[in-house]
Structures are given as structure tokens and as C-alpha cells.
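Enquirer: Starting off with a structure, shown below.
The values are calculated or read from the model by the stated rules, or taken from the named source; none is laboratory data. Predicted model only: the values in this text are computed from it and were never measured. Positions of Cβ are generated from backbone atoms using ideal geometry, with glycine treated the same way; all protein chains shown enter the neighbour counts.
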Amino acid sequence: MATNLVFVYGTLKQNEPNHHWLTDKENGESKLVGKATTQERYPLVIASKFNIPFLLAVPGKGEQIEGEVYEVDEKMMSNLDILEDHPKLYERKKNKMTLEATGEVVECWIYLLHKYRPDLLDLPMLKSYSSKGSHGKEYVASEDDLSDPENI
Ligand code: PCA
């Protein structure tokens, strides 16, 4: 399969509410490569009335983020873009990740939020996302258009 590596840090991870998108064969092919961490620090916050995890495009602020790397085909890549509303909401960018198992550094796609209200930077910054974490902000699935930063 034509390979794209994608790093997921939010609801697409194993045991999180959108993981089924990655495993549904109708969406294309995906294969777990392994756990990984971003080389760069980023603010990972939970925001909007739907408690969505967002990685804000502010390198150097926040933590090195833990997530999972998947190898996906072109079909899955376009379906992930639909789910993440790229490029209206999240923007998909290439970024360097360190694979936990081998220490190897790999370039992966990652969904970042570039348009956000500045007060999102005042929220607690996580290192690792879980919908059911001690933060109490469980993810709410929604079809709303969140591409207007005022809605986040
Ligand atoms: N899904 C994508 C971006 C944020 C989200 O909830 C992910 O898991 O990486």
C-alpha cells in the first residue's frame, strides 16, 4: 500500500472514541507501527463544548506529546481528513516523532489547530490524552462545524 505515517494523539488512539475510524476496513487500510512521542513540545488542550483534544500549533510550549503512529493507505488518509475536517479545522502537517520501541525518528502527519482563540493557551496542557481522564471532560461526538474559532 502507498504509505503515509500518521501520528494520532487524541480520539483516534486505541481505546478512544474515534479509534473505530482507523480500524473500519470501509475507510481503507491502517496498521499500528507503535507508540511514539513528538520531538517538539506542543500545547495539548481539551476545548469546546464537545471536549475535543486539540494540539495547538505553538511549538516549544507545553509537553512532548505521547501518541501512536499508524501506517495508512491513501484512502484512509482522505477519510481521516474528513473526520478531522482538514484543512478547515485541523491542518495536517509533517512532524518528527520518536518511536518508543526503537528510538527511531520518523516523519509523520499530525493534525494541528492553527486557528484558535488565544485563551486556549490558558487551559491545562496535557502530555497524553484520554477521554476518560481525571480532567472529567469526556469527549462528546458532534457533527457541528467547528471551523470558526469562536465555536471552540
Ligand atoms: N483526533 C486526532 C486529532 C485530535 C483528535 O481527536 C488524533 O487523535 O490525533
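Enquirer: Have a look at 97, 125 and point out the one that is touching a Phe, Trp or Tyr at 6+ places or on another chain (Cβ under 8 Å) and not in a helix (DSSP H, G or I). Break it down into steps so the answer makes sense when it comes.
Expert: Numbers: 125 fails: touching a Phe, Trp or Tyr at 6+ places or on another chain (Cβ under 8 Å).
None of the others qualify; the one that does is 97.
Enquirer: Can you tell me which residues in the stretch 62-82 are crowded, with 16+ Cβ neighbours inside 10 Å, under 14 Å from the mean Cα position of the chain (by Cα) and part of a strand (DSSP E or B)?
Expert: 65, 66, 67, 68, 69, 70
Enquirer: Looking at (1) within 22 Å of residue 138 (Cβ to Cβ); (2) within 13 Å of the ligand (Cβ to nearest atom); (3) touching a residue at least 40 places away in the same chain (Cβ under 8 Å); (4) not hydroxyl-bearing (Ser, Thr, Tyr), can you tell me which one residue 110 breaks?
Expert: (1)
Enquirer: Residue 53 fails exactly one of the following numbered conditions: (1) surrounded by fewer than 18 Cβ atoms within 10 Å (Cβ to Cβ); (2) at pLDDT 95 or above; (3) not aliphatic (A, V, I, L, M). What is the number of that condition?
Expert: With respect to (1) surrounded by fewer than 18 Cβ atoms within 10 Å (Cβ to Cβ); (2) at pLDDT 95 or above; (3) not aliphatic (A, V, I, L, M), residue 53 is out only on (1).
Enquirer: Which residue pairs have Cβ atoms closer than 7 Å, lie 6 or more positions apart in sequence or on different chains, and pair a first residue in the stretch 24-53 that is free of Cβ contacts under 8 Å to residues at least 40 places away in the same chain with a second residue that is part of a strand (DSSP E or B)?
Expert: Here the result reads 32/68; 32/70; 41/63; 41/64, each pair linking the stretch 24-53 to a residue that is part of a strand (DSSP E or B).
Enquirer: Identify the single condition in (1) in contact (Cβ under 8 Å) with a residue 24 or more places away in the chain; (2) part of a loop (DSSP other than H, G, I, E, B) that residue 59 does not satisfy, given that it satisfies every other one.
Expert: (1)
Enquirer: Sticking with this structure for a sec: Looking only at residues that are loosely packed, with under 14 Cβ neighbours inside 10 Å and either charged (D, E, K, R) or within 16 Å of the ligand (Cβ to nearest atom) (or both) in the stretch 94-107, which one is farthest from residue 10 (Cα to Cα)? Spell out how you get there, then give the answer.
Expert: The first filter runs over the stretch 94-107 and keeps only residues loosely packed, with under 14 Cβ neighbours inside 10 Å, leaving 94, 101-105, 107.
If we keep only those that are either charged (D, E, K, R) or within 16 Å of the ligand (Cβ to nearest atom) (or both) too, we end up with 94, 104, 107.
Working: 94: 17, 104: 22, 107: 18 Å.
In this case the residue turns out to be 104.
Enquirer: On to the next question. Quick check: is even one residue across the stretch 124-133 closer than 20 Å to residue 8 by Cβ and free of Cβ contacts under 8 Å to residues at least 40 places away in the same chain? Outline the logic, then answer.
Expert: Keep residues of the stretch 124-133 that are closer than 20 Å to residue 8 by Cβ, which gives 125-133.
Applying the additional criterion that residues be free of Cβ contacts under 8 Å to residues at least 40 places away in the same chain yields 132-133.
The answer is yes, given that some residue of the stretch 124-133 is closer than 20 Å to residue 8 by Cβ and free of Cβ contacts under 8 Å to residues at least 40 places away in the same chain.
Enquirer: Considering only residues that are away from the ligand (no atom under 14 Å from the Cβ) and more than 24 Å from residue 136 (Cα to Cα), which ones fall in the stretch 42-78? Walk me through how you get there before you give the answer.
Expert: Going through the stretch 42-78, the residues away from the ligand (no atom under 14 Å from the Cβ) turn out to be 49, 58-64, 71, 73-75, 78.
58, 59, 60, 71, 73, 74, 75, 78 - these are the residues of the stretch 42-78 that are away from the ligand (no atom under 14 Å from the Cβ) and more than 24 Å from residue 136 (Cα to Cα).
Enquirer: Follow-up question, since we're still on this one. Mind checking which residues of the stretch 33-49 are farther than 15 Å from residue 109 by Cβ and either surrounded by fewer than 20 Cβ atoms within 10 Å (Cβ to Cβ) or touching a helix residue (DSSP H, G or I) at 6+ places or on another chain (Cβ under 8 Å) (or both)?
Expert: Going through the stretch 33-49, the residues farther than 15 Å from residue 109 by Cβ turn out to be 34-35, 37, 41, 43-49.
34, 35, 37, 41, 43, 45, 47, 48, 49, listed by residue number.
Enquirer: I'd like to check which strands (runs of 3 or more DSSP E) are fully inside the stretch 1-51 and have at least 3 residues that are within 17 Å of residue 133 (Cα to Cα) and under 14 Å from the mean Cα position of the chain (by Cα).
Expert: On the way: elements: 4-8, 30-42, 44-47.
Per the criteria, 44-47.
Enquirer: List the number of the failed condition for residue 137; all other conditions in (1) within 14 Å of residue 65 (Cα to Cα); (2) surrounded by 12 or more Cβ atoms within 10 Å (Cβ to Cβ) hold.
Expert: Unmet for residue 137, out of (1) within 14 Å of residue 65 (Cα to Cα); (2) surrounded by 12 or more Cβ atoms within 10 Å (Cβ to Cβ): (1).
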